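Chemist: First the structure, which I've put down as structure tokens, then a few questions once you've had a look.
Since every read-out is calculated from the coordinates, none of them should be taken as a lab result. Being a predicted model, the structure only gives us computed values, none of them experimental. FYI the Cβ positions are ideal-geometry reconstructions off the backbone, even for glycines, and counts take in every protein chain you see.
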Amino acid sequence: MPHATCKIHRATGAVAIASTLTATRPLVITAVRLHLDAAGGVGNFTLTLVSATAAVYNVVLLTQDMTTTTDVFWVPDQPIPVANGDGVIAAYANANSKTYGLEISYKYQV
């Protein structure tokens, strides 16, 4: 069986997080890592699967209160399948303008 190479979608900045990984072919999400340079403040970090088919199929995969959090590391119990054309949106208001580094690890389905 062929071995799929891990890919990483990255985003960084000191503004609101609004980063989208759009599947150009079927893939699976294997992990999400977020680091802030200091506790984030009020608000939630969310990771949402947005279906290319219709909004009725959208689902929030992860919600994390960032009030006292600097690091989020999430490995799903099972890889999360993402169909061709679907998006995975990472979002956080980041009202306190903390510098962040976001990585979404994924593998193309083989």
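Chemist: So what does the Cα-only Debye profile of the range 1-54 read at q = 0.14, 0.26, 0.28, 0.30 Å⁻¹, as log10 I(q)/I(0), no solvent term?
Modeler: The computed values of log10 I(q)/I(0) come out as -0.54, -1.36, -1.49, -1.62.
Chemist: Summarise the long-distance tail of P(r) for the range 47-110 by giving the % of C-alpha pairs beyond 16 Å.
Modeler: 54 percent
Chemist: Please work out how much length the chain gains when fully extended from Ala16 to Ser51, using 0.36 nm per residue of separation minus the C-alpha to C-alpha distance, in nm with one decimal.
Modeler: 10.3 nm
Chemist: Could you give me the ³J(HN,Hα) list for the range 27-42, computed from phi with Karplus coefficients 6.51, -1.76, 1.60 and θ = phi - 60°, whole Hz, x at Gly and Pro?
Modeler: Here the 3J(HN,Hα) series is 8, 10, 7, 10, 6, 9, 10, 9, 10, 10, 6, 7, 3, x, x, 4 Hz.
Chemist: Of Tyr100, Tyr57, how do they rank once you tally other Cβ atoms within 10 Å and put the fewest first?
Modeler: The order, fewest Cβ neighbours first, is Tyr57, Tyr100.
Chemist: While we're here: So for the chain, what percent of the C-alpha to C-alpha distances run longer than 20 Å?
Modeler: When every Cα pair of the chain is considered, 38 percent fall beyond 20 Å.
Chemist: Set the Förster radius R0 to 22 Å, insert the Cβ-Cβ distance between Val75 and Ala39 as r into 1/(1 + (r/R0)^6), and round the FRET efficiency to 0.05. Present the calculation step by step, with values, prior to reporting the outcome.
Modeler: Details: r = 22 Å, r/R0 = 1.02.
Result of the calculation: an efficiency of 0.45.
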